[in-house]
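Where a number appears in this text, it was derived from the coordinates with a stated rule and is not lab data. All figures in this text were calculated on a predicted structure; none of them were measured in a lab. Every residue, glycine as well, gets a Cβ built from its backbone with ideal geometry; the counts of neighbours run over all protein chains shown.
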Amino acid sequence: MARPTPSRQGNPIVYVGALMLIGLMLGPVIYIIIGGFRTNSQITTDPAALPDPWVFGNYTDVLTSDVFWRQVGNSTIAALATTIGVVVLGVMASYVLARYKFRGRGAMYALFAAGLMFPATVAITPLYILVKNLGLVNTLPGVILPQIAFGLPTTIIILVPFLQAIPKEIEEAAAIDRCSRLGFFWRMVLPLSVPGLITTGILAFIGSWNSYLLPLFILNDQDGFTLPLGVQAFASQYSVDTAKVLAFTSLSMIPALVFFSLFERRIVGGLTGAVKG
Amino acid sequence: MQASPPYRPRRRGIGWAQRLEIAALSGPAILMFVGFVIFPVLMAGYYGFYRWKGFGAPTDFVGLDNYVTILQDSLFHEALWHNGQIVVLSLVLQGPIAVGLALLLNQKMRGQSIIRILIFVPYVIAEVIVGTAWSLMLQTNGAVNDVLRSIGLGWLAEDWLANPQLAIWTLMLILTWKYVGFAVILFLAGMQNIPEELSEAAAVDGASYWQTQWRITLPLLGPTIRIWAFLSIIGALQLFDLVYIIWGQYVASTAGTSTMATYMVTEGRNAGNYGYGNAVAVVLFVISMIIALVYQRFVLRRDTEGALTGGR
């Protein structure tokens, strides 16, 4: 382990590189957050400076507006419903794919895996017509149902290896104890796969929280807007009020960031498992 | 449920109870997936043959007219060309940068885990937020030009978004910023799977750090790089959000950043021509599928016996 190469530890170049990297990656994010604490005239005269003085009016304006909270509510409902739907349907289908042997299993897996290649972009126009025919335009279910369907491939690809890794012996022991396969699923598989469920759940939540194209097609009514649509509407409506736009924007990215930082390890672990194949 | 021994080889098929379980467990997911993913794609093929404003059932059958129009429209040609540039530039820019960053972050160093979180932040932020923030910063009198002037590089200040020679590079800059973290995380994960003994053995044999990376790390990282490239290509072909948010529906084509997907939305839904929009969707689907299949057949085959070709 103790190898005397300079790259082992404490190489200053590595730290300098890492610091520059962090600066580049976080610069724009910090610009948004700090910009929200400035006034428009500060931003106009000196676009890239620190607030002088710091103003909190932009943030308090946004935080006390009905529009913002209504959009937070819509986004939260859509994201939670999508997450629950994706995880419940996904784990059920993954269990079948992982632990049952039947003809058509390969085809079923291929069906979902093929979905991985096609994000909602390709299907958006006919999808809109379908949602319209179902009478779900301008409703959150019109966003939630397609999001569940398009979230399934990723979820299944991540969960199947996870469920396959549960040792056969546990299943045998359960069978000896007269536990049916469904009972085994309920009492053993679900508890054991909680980490995988969290990974896929967080991915689904963040995906829904950030989703833009589908709500853009489905939700035309200001009252039904989710946050991404709201941010854009706000930005064009208050295009002269840059500071307030920045405050609105930075507040709307908090939930995804919080969720991500809480579960970062699990997300990265889940992605890794899926890629190893 | 029958308590049959679970290990008996089931040559004669499976019992009805198991069939029922399979149907009950996988049925809902299959229904959702077929209903909201497969069915719309098939319907696009149908609607694409009609001139149709989206009200009532389509009646004005025009055969292949929509497709002829698409393939002759210079706006579509431009969009396709931009998509091609974005696919290639994404691979060429993000790949090496991400490998470099992954090598950097693979060193033993303090604060490694926090850096990994931070590098992933742009990937987690919504496209709308990224688009709004960057377009504010890149305005002619925005923060980027201001910083350039204040450090004496005023001659570099540019009209980043509107200059047609420059806009596609601006887009690539933003795309790289947003998505490079994803590639770095994948590559780091791949590197962690490479046994440490290999580089130790190489060091014993007198290989330098760079030789070790070039001869051992990179080749063993191959499968991860190829999967990432696949995801990157598919994403680049279907790019919509950032372009539409930053350049809007009208400016994208004059700034030289329109994509097939923005063309689809602009000419289809926004113009009220749903038949035409569906035909564009079919073209986009076919192009993506051909590229995906070719890539899987010739590049991914050896890596993904498990991940993408069904059953492990």
Q: Send over the per residue convex hull volume for the protein assembly as shown, Cα only, as a whole number of Å³.
A: 183 Å³
Q) Straight-line reach from A:LYS132: which lysines have Cα under 18 Å away, leaving out those fewer than 8 places along the same chain? A) B:LYS53
Q) Can you give the relative contact order of the stretch B:65-300 as a percent, counting alpha carbon pairs under 8 Å and 6+ residues apart? A) 30 percent
Q) Remind me, relative contact order of chain A in percent, using alpha carbon pairs under 8 angstrom and six or more residues apart? A) 30 percent
Q | Sites A:TYR238 and B:GLN165, calculated FRET efficiency, Cβ-Cβ separation with R0 30 Å, nearest 0.05 | A | 0.45
Q. What's the FRET efficiency of B:ASN270 with B:SER113 using the Cβ-Cβ distance as r and R₀ = 56 Å, to the nearest 0.05?
A. 0.80
Q.
What lysines does A:LYS101 reach when the alpha-carbon gap must be under 16 Å and sequence neighbours fewer than 8 apart in one chain are set aside?
A. A:LYS168
Q. Quick one: Cα centre-to-centre distance for the stretch B:77-129 and the stretch A:192-249, in angstrom?
A. 22 Å
Q. Picking from B:ALA143, B:ALA255, B:ALA29, which is most flexible by a Gaussian network model of chain B using Cα springs under 10 Å?
A. B:ALA29
Q.
Through the Karplus equation 6.51 cos²θ - 1.76 cosθ + 1.60, θ set to phi - 60°, convert the phi angles of the stretch A:63-78 into ³J(HN,Hα) values in whole Hz; use x for Gly and Pro.
A. 5, 9, 8, 5, 4, 4, 6, 5, 5, 4, x, 4, 4, 5, 4, 4
Q. Where the only charges are on Cβ atoms (+1 Lys, Arg; -1 Asp, Glu), what is the dipole of chain A about its Cα centre, to the nearest 20 debye?
A. 1240 debye
**Q.** Among A:GLY35, B:ASN83, B:GLY95 - extreme Cα towards positive end, dipole of the protein assembly as shown, charges at beta-carbon
**A.** B:GLY95
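Taking N as the number of residues in the stretch B:65-300, what is its Cα Rg relative to 2.2 N^0.38 Å?
Taking N as the residue count of the stretch B:65-300, the ratio is 1.19.
With an 8 Å Cα cut-off and a minimum separation of 6 or more residues, compute the relative contact order for the stretch A:18-173 in percent. Can you show the working numbers first?
Working: 91 pairs, mean separation 40.5, N = 156.
This gives 26 percent for the stretch A:18-173.
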Q: For peptide A:17-28, compute the average count of partner chain beta-carbon atoms within 10 Å of each residue's beta-carbon.
A: 6
Q.
Among B:GLU200, B:GLU267, B:GLU158, which one shows the highest mean-square fluctuation when chain B is modelled as a Gaussian network with alpha-carbon springs under 10 Å?
A. B:GLU200
Q: Have a look at B:GLY27, B:GLY248, B:GLY100 and tell me which one the Gaussian network model of chain B (Cα, springs below 10 Å) gives the largest fluctuation.
A: B:GLY27
